[in-house]
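A.B. asks: I'd like to ask some things about the structure below.
The values are calculated or read from the model by the stated rules, or taken from the named source; none is laboratory data. Predicted, not measured: the structure shown is a model, and the values here were computed from it. Heads up, the Cβs are rebuilt from the backbone with ideal geometry, glycines too, and the neighbour counts pull from every protein chain shown.
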Amino acid sequence: MQRPVWTPSPERVAAANLTRFIATVNERWKLAIDDYAGLHAFSVEQPERFWLAVWDFCGVRSEQRGERVLEDGDRMPGARWFPQARLNFAENLLWRDDDATAVIGLSEDGSRRVLTFAELRVLVGRLAHAMRESGVGVGDRVAGFIPNVPEAVAAMLAAASIGAVWSCCSPELGVDAVVDRLGQIAPALLVTADGYRYGGRTFPLLDKAAAIAGRISSIRKTVVVPVLASEPALASLGDACTFGQFIAPYDAGPIAFAHLPFDHPVFVLFSSGTTGRAKCIIHGAGGAILENLKAHALQYDVRPGDCVYWWTATGWVVWNFMIFALGRGAGIVLYDGSPTYPTTDAILRHAAAERATFVRLTPGYVDLLAKAGRTPARSLDFRALRTMIVASSPFGASGYDYLYENVKRDIHLASPSGGTDPLASLVSANPIGSVFAGEIQAAALGLATRVFDDAGNAVVGKAGELVVCRPFPSLPIGFFGDPGGERFRDTYFRPYANVWRHGDWAQMTERGGFVIFGRSDATLNARGIRIGTAEIYHQLAGMPEIVASVAVAQDWEGDTRVVLFVQLPPQIRLDRALDEGIRARLRENLSPRHVPARIIAVPDIPRTTTGKVSEIAVHSAIHGRPVRNRDALANPESLAHFAPQRLPEIAL
């Protein structure tokens with residue numbers, strides 16, 4: 001029987017937000033819930049009571065809430081939450097107005113900037129005034145093309161305060177990829193920077209920003225944040241000014257928050273764009289607030305005064321998740337730079353120096369630390385750290401072992417999974433429950449998350465499609481440019497009617513936890529059996545000879561076969577011994593079906609700008625098909641290594 005790798009102490013359970021929340025629910029409705037499973041059952045069986053309790057516990061601010069919590073609760077899509085409510089997104093993140101730290105901005109050049117909550121409110125107020133005077137109004141789009149600096153947070157909050165919609169692309173994207181995304185939503189204002197830093201290098205942005213503004217006719221003004229130079233040259237940008245010039249005419253004063261319906265749009269987020277034109281996913285303010293304040297308070301146990309560090313880029317949904325810590329009265333750490341510069345463990349060094357209570361990493365980064373032999377606990381002080389989450393792709397058991405042995409033994413280590421589409425984790429953390437290596441703890445509160453087989457039956461202990469069976473507040477409003485909603489329904493609500501199909505291949509365990517094997521559209525079919533690529537990657541992550549890997553299905557003689565590509569260190573070559581070692585490891589630790597037909601070494605593997613291996617791009621490349629939106633890849637030049645003419649090993 002598997003043993004937990006961590007169990008919270010009785011003192012920690014007693015102090016958790018979740019324990020207090022259970023007590024309030026029990027008192028309010030005369031219940032006797034005594035654990036997470038009981039609370040989760042209540043949250044999906046009595047959603048109106050649960051979300052009402054979340055609203056009150058998290059202190060959601062509104063001009064009015066109204067009597068009704070849920071209308072058409074049997075429809076998905078189509079359910080309406082708090083239909084009478086009027087609120088403002090930014091007001092719910094800016095309720096503090098004191099000298100506590102709100103934002104810490106770190107940069108590769110060693111600089112550190114701090115904004116208190118009072119200073120952040122002043123900055124947001126001046127920005128909001130400037131945006132209004134520039135003609136930005138309710139429903140207009142404000143676009144970011146900006147690194148992870150404090151001005152990005154302030155610009156997003158300012159846009160939301162006046163009822164505008166924020167959308168952002170990370171600055172490493174190419175011009176075509178940015179225009180493909182932002183051009184669909186016709187932004188009125190562009191907030192950018194003169195450049196950014198990454199890996200010890202500087203990357204100018206003004207030429208790219210000028211090209212973007214020139215190709216998107218709706219952009220009326222461009223605001224430039226000085227990052228590389230104090231006085232950037234803006235002559236090529238047309239109607240442009242620096243951030244300081246933009247807000248200079250406007251003094252500090254009360255923020256005139258626009259109170260709008262619960263489902264008024266606040267974000268447009270973009271899908272990865274590696275399978276076609278990026279989808280523009282519209283998220284409503286109320287659902288975003290309710291879901292993500294719940295997540296920070298109850299799943300991650302974030303408290304006022306905490307220091308929260310989500311390492312992320314601005315165009316990634318993780319950045320949007322991060323900012324909700326402000327709504328819990330906690331400060332956030334921003335970092336403009338590479339997680340491995342100047343040392344591999346740079347993120348953990350920041351976390352220790354800032355006395356972070358919460359840190360988010362990625363499985364790839366943890367694997368990198370382990371293979372580099374880093375033992376940060378020997379030299380860094382993590383006494384303040386209570387919670388660590390590792391997410392963005394499946395996280396294997398070996399990663400849990402590494403972090404508990406080399407960072408801190410007494411931390412709540414979790415690996416929630418969800419993402420851009422629901423603006424939520426569908427499976428998440430339980431701060432009062434035990435942690436089992438390689439297993440996500442539970443379905444997220446308020447989400448009826450299940451695993452379906454091909455016939456649409458809920459299964460336990462078997463792999464299948466990850467689904468949500470009942471409406472939830474942060475379900476997207478729809479897609480921009482899809483007025484009839486047909487593309488939206490086809491994306492998430494086929495083939496299961498009235499059920500959200502997330503697109504992950506997963507398994508629910510007997511104890512109510514979850515294992516994610518990878519994207520279901522990237523799941524391999526090996527001689528009639530579906531297997532998840534993440535299982536293969538977890539095994540190979542334990543081999544020091546392998547830097548990275550990608551497994552795809554190749555069309556072969558009227559069927560398919562699995563081809564594995566491996567990236568090796570410069571001093572290692574794929575000889576017969578290594579090939580046989582890989583095969584033996586997969587055969588013995590997984591099954592003979594997991595052993596690929598071919599193993600091929602390549603110098604680089606395509607990744608998205610969020611660091612995920614792009615299996616779909618590799619699949620297209622090896623079949624000689626165009627890779628759509630290659631600008632969405634961080635390293636599109638790597639595709640050349642997968643051209644069929646370069647790979648005689650896979651030629652038919």
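A.B. asks: Taking the stated definitions as given, is Phe82 on the phi > 0 side of the Ramachandran plot, at pLDDT 95 or above and in contact with a helix residue (DSSP H, G or I) (Cβ under 8 Å, 6 or more places away or on another chain)?
C.D. replies: So Phe82 fits the description; yes.
A.B. asks: Run down Val550, Val627 and say which single residue is in contact with a strand residue (DSSP E or B) (Cβ under 9 Å, 6 or more places away or on another chain), in a loop (DSSP other than H, G, I, E, B), closer than 29 Å to Cys168 by Cα and of a type in the set (A, V, I, L, M, F, W, C). Even if it seems obvious, please write down each step before you answer.
C.D. replies: Values: Val550 fails: in a loop (DSSP other than H, G, I, E, B).
When all the criteria are applied, what remains is Val627.
A.B. asks: May I ask you to list the residues in region 65-76 that are out of contact with any helix residue (DSSP H, G or I) (no Cβ under 8 Å at 6 or more places or on another chain), touching a residue at least 40 places away in the same chain (Cβ under 8 Å) and not basic (Lys, Arg)?
C.D. replies: Narrowing region 65-76 to residues out of contact with any helix residue (DSSP H, G or I) (no Cβ under 8 Å at 6 or more places or on another chain): 66-68, 71-72, 74-76.
Now restrict to residues that are touching a residue at least 40 places away in the same chain (Cβ under 8 Å): 74-76.
Of everything in region 65-76, those that are out of contact with any helix residue (DSSP H, G or I) (no Cβ under 8 Å at 6 or more places or on another chain), touching a residue at least 40 places away in the same chain (Cβ under 8 Å) and not basic (Lys, Arg) turn out to be Asp74, Met76.
A.B. asks: Select from region 533-591 the residues that are modelled with pLDDT under 90, surrounded by fewer than 18 Cβ atoms within 10 Å (Cβ to Cβ) and among the hydrophobic types (A, V, I, L, M, F, W, C) and list them in ascending order.
C.D. replies: Those that are modelled with pLDDT under 90, surrounded by fewer than 18 Cβ atoms within 10 Å (Cβ to Cβ) and among the hydrophobic types (A, V, I, L, M, F, W, C): Trp556, Leu590.
A.B. asks: Identify, please: which residue in region 208-229 is of a type in the set (D, E, K, R) and in a helix (DSSP H, G or I) and is, among those, surrounded by the fewest Cβ atoms within 10 Å (Cβ to Cβ)?
C.D. replies: Arg215
A.B. asks: Of all residues in region 340-356, count the ones that are surrounded by fewer than 23 Cβ atoms within 10 Å (Cβ to Cβ) and under 19 Å from the mean Cα position of the chain (by Cα).
C.D. replies: The total comes to 0.
A.B. asks: Related question: If a residue must be touching a residue at least 60 places away in the same chain (Cβ under 8 Å) and under 19 Å from Trp311 (Cα atoms), how many such residues does region 400-413 contain?
C.D. replies: Residues that pass the stated criteria total 4.
A.B. asks: Which pairs turn up if I take residues in region 208-226 that are under 15 Å from Gly135 (Cβ atoms) and look for partners that are part of a loop (DSSP other than H, G, I, E, B) and among the charged types (D, E, K, R) with beta carbon separation below 8 Å, at least 6 apart in sequence or on another chain?
C.D. replies: So the pair list comes out as Arg220/Asp239; Lys221/Asp239; Thr222/Asp239.
A.B. asks: Out of all the residues in region 160-169, which are farther than 18 Å from Thr420 by Cα and in contact (Cβ under 8 Å) with a residue 40 or more places away in the chain?
C.D. replies: Ala160, Ser161, Ile162, Gly163 - these are the residues of region 160-169 that are farther than 18 Å from Thr420 by Cα and in contact (Cβ under 8 Å) with a residue 40 or more places away in the chain.
A.B. asks: For the subset of region 160-189 comprising residues that are of a type in the set (A, V, I, L, M) and within 19 Å of Val138 (Cβ to Cβ), which member is surrounded by the most Cβ atoms within 10 Å (Cβ to Cβ)?
C.D. replies: Ala160
A.B. asks: Kindly provide the set of residues from region 337-358 that are touching a strand residue (DSSP E or B) at 6+ places or on another chain (Cβ under 7 Å) and either within 23 Å of Ala297 (Cα to Cα) or not assigned by TED's automatic domain parsing to the domain that holds Leu385 (or both), ordered by number.
C.D. replies: Residues satisfying the conditions are Ala351, Glu354, Arg355, Ala356, Thr357, Phe358.
A.B. asks: Filtering region 623-652 down to residues that are surrounded by 14 or more Cβ atoms within 10 Å (Cβ to Cβ), farther than 27 Å from Phe395 by Cα and hydrophobic (A, V, I, L, M, F, W, C), which residue is modelled with the lowest pLDDT?
C.D. replies: It comes out as Ile650.
A.B. asks: Let me ask something else. Does region 375-388 hold any residues that are basic (Lys, Arg) and either at pLDDT below 95 or over 30 Å from Gln567 (Cβ atoms) (or both), and which are they?
C.D. replies: Those that are basic (Lys, Arg) and either at pLDDT below 95 or over 30 Å from Gln567 (Cβ atoms) (or both): Arg383, Arg386.
A.B. asks: A follow-up question, please. Looking only at region 83-97, filter to residues that are assigned to a loop (DSSP other than H, G, I, E, B) and under 26 Å from the mean Cα position of the chain (by Cα); which one of those is surrounded by the most Cβ atoms within 10 Å (Cβ to Cβ)?
C.D. replies: We begin by selecting, within region 83-97, every residue assigned to a loop (DSSP other than H, G, I, E, B); these are 83-85, 88-89, 93-97.
Checking which are under 26 Å from the mean Cα position of the chain (by Cα) leaves us with 88-89, 93-96.
Working: Asn88: 25, Phe89: 29, Leu93: 27, Leu94: 23, Trp95: 14, Arg96: 20.
Checked region 83-97; the qualifying residue surrounded by the most Cβ atoms within 10 Å (Cβ to Cβ) is Phe89.
A.B. asks: How many residues does region 98-125 contain that are in a strand (DSSP E or B) and hydrophobic (A, V, I, L, M, F, W, C)?
C.D. replies: The number of residues fulfilling the criteria is 6.
A.B. asks: For region 148-207, which strands (runs of 3 or more DSSP E) that fit wholly inside it have 2 or more residues that are aliphatic (A, V, I, L, M)?
C.D. replies: 189-193
A.B. asks: Right, something else. Quick test of your reading of the structure: Arg349 fulfils all but one of (1) among the basic types (Lys, Arg); (2) without any contact (Cβ under 8 Å) to a residue 60 or more places away in the chain; (3) not in a helix (DSSP H, G or I). Name the failing condition by number.
C.D. replies: Failing condition for Arg349: (3).
A.B. asks: Right, here's the next one. Read through the list (1) crowded, with 24+ Cβ neighbours inside 10 Å; (2) among the polar types (S, T, N, Q); (3) within 15 Å of Cys280 (Cβ to Cβ), then give the number of the only condition that Asn148 fails.
C.D. replies: All conditions pass for Asn148, except number (3).
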